[in-house]
Amino acid sequence: MRNISQGYRAAATAKAVKAAGIEVKAVAGHIGAEITGVDLADDLDDAVVAAIRAALLRWKVVFFREQRLDHAGHVAFARRFGSPVVLPRRGSVSPPDVPEVETTADRLELPGRYGMESSEWLHRRNHTLLRRWHSDKSNHLDPPAGTILRAETVPPYGGDTTWSSLVAAYEGLSMPVRAFVDGLRAEHRLGVGYQPRPGDDAYVRHLLEHQVATAHPLVRVHPDTKERLLFINGYYVEQIIGLSRQESQAIVDMLLEQAVRPEYTVRFRWDSGSVAFWDNRATIHLAPRDTSHLDFPRIMHRVILAGEVPVGPDGKPSESLTGSEPGRW
Ligand SMILES: [Fe+2]
C-alpha cells in the first residue's frame, strides 16, 4: 500500500528524471533501481545529478552498468553528492595516490595484522547469517551517508550483493512494536560476536585500545526524506540500551529478522564496470560469500561519503560511547 509521502516521492523522482533524460527502472518492490543513459565519467549536468539523487532517495540503492570510471573519476562523481571520506588507515592494495578510494581486497590483509591465518580469523569472526548484515561503519557517531562501490574484476559467476530497506522494515512493523522501538537506543560497536583466542589476542587488544562505539536511536529519522527507519544491523549491534542481555538478544534477533525479510531486499549481479550507489543511512547490505571457496579474483573499489549524526523521533541525536567524534575516522 502506497502512502501519501511515497506517492509524492515517486512524482518528484519522475519529474527529476524526465528533466535529466536518464532512465530509472525499479528492480524490486521496495528497494533498488537501475539507471541507464548516463556516463558517470562525464562532467554531469546538475539536472542529472539531481535525478540520480532523487532516485537514490526513492530507491535506496541505484545501479549503473558498463561504466568506465577510474579512481579519479570515481572520486569526482562522489563529490557531486557529498564529501568523500579520507580513511586514515588503508591496506596495501588501495591506490596510494587517491586517498578517498579504498580497495576492498585490503581486508584480506586483516588476519595477518592480528597474527592469524585467514581460516582462524574467519572462524573467530564467524558471524551468524543475520550478523553479517551491516551498514558501513555504523559504530561511528556520524556514519557514512552513502557508499559508491565500483567493480573492476568480478567472478565469472556468483558474488552478488544484497541490500535491504530499513524504511520498508520499519513500516512493516505493527503499530505497537513501532511505538515500542521508537523510544529505544542501541549500542553500535566493533567486534560484536568475536570469539577471542585463549590468552593473548591481538584483535582483542585492538578492540580495547581502539574501540569506536556509539549509542544511536533504534529508529532514525532520515535527514532528507524524513522517513522513519529501523536503524539496526547485526554486525555492530548486540545490545539495546536499558534492556537486559536476555531481553536485548530476543528483540535484536526479532528486529534483524524483520530487517532482512526477502520482500524488503534487492540482489545485484556484478559485472566489470558495474557501480552501486547506496544510501548507507536507509539500508543494510550483505557481502557475498558464495565464491570464497573458488579462488576467483574480486577487485572492488569504494568511496564513502561523510554523513551526519543520526536523530531519533524524539529529536535527540546519537551520543558517543567511546572513541567516536564527528569527522574522526
Ligand atoms: Fe559494507
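Below, the figures for the structure above:
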{"read-out": "Considering only the chain, percent of DSSP beta bridges that pair antiparallel, nearest 5", "value": "95 percent"}
{"read-out": "Of the trypsin sites (Lys or Arg not before Pro) in segment 70-119, those whose Cβ has at most 12 other Cβ within 10 Å and which sit in DSSP loop", "value": "89"}
{"read-out": "Cross-link partners of residue 15 among lysines (Cα-Cα below 16 Å; sequence separation of 8 or more within a chain)", "value": "25"}
{"read-out": "For the chain, built as a Gaussian network whose Cα springs stay under 10 Å, the top-fluctuating residue of 46, 70, 271", "value": "46"}
{"read-out": "Loop-located chymotrypsin sites (Phe, Trp or Tyr not before Pro) in segment 155-215, at most 11 other Cβ atoms within 10 Å (DSSP)", "value": "157"}
{"read-out": "Highest-fluctuation residue, 307, 146, 32 considered, GNM on the chain with Cα pairs under 10 Å", "value": "307"}
{"read-out": "Given charges at beta-carbon only (K, R positive; D, E negative), |dipole| of the chain in Debye", "value": "600 debye"}
{"read-out": "Cα radius of gyration and Dmax for the chain (Å)", "value": "19.4, 62"}
{"read-out": "Average accessible area per residue (Å²) across the chain - probe 1.4 Å, nucleic acids and ligands excluded", "value": "47 Å²"}
{"read-out": "Within the chain, helix-based [θ] at 222 nm, where runs of 4 or more DSSP H residues each add -39,500 (n - 2.57), nearest 500", "value": "-8000 deg cm²/dmol"}
{"read-out": "Anisotropy class of segment 157-294 from Cα gyration tensor, a/c 1.5 cut", "value": "oblate"}
{"read-out": "Under 5 Å, built H, 5+ apart or other chain: amide partners of residue 185", "value": "218, 241"}
{"read-out": "Sulfur and carbon atoms: percent of accessible area, segment 262-310 [1.4 Å]", "value": "53 percent"}
{"read-out": "P(r), alpha carbons of segment 110-156 - 5 Å bins starting at zero, rounded %", "value": "5, 14, 13, 14, 27, 22, 4, 0"}
{"read-out": "Trypsin sites (Lys or Arg not before Pro) restricted to segment 222-329 and DSSP loop, no more than 15 other C-beta within 10 Å", "value": "226, 269, 289, 328"}
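The values are calculated or read from the model by the stated rules, or taken from the named source; none is laboratory data. Here the structure is a predicted model, which is why all the values come from computation and not from measurement. Methodologically, a virtual Cβ is constructed for each residue, glycine included, from the backbone with ideal geometry; neighbour enumeration extends over all protein chains shown. Areas reflect the complete protein model, heavy atoms only, side chains present, ligands, DNA and RNA absent. Shrake-Rupley method; radii C 1.70, N 1.55, O 1.52, S 1.80 Å.
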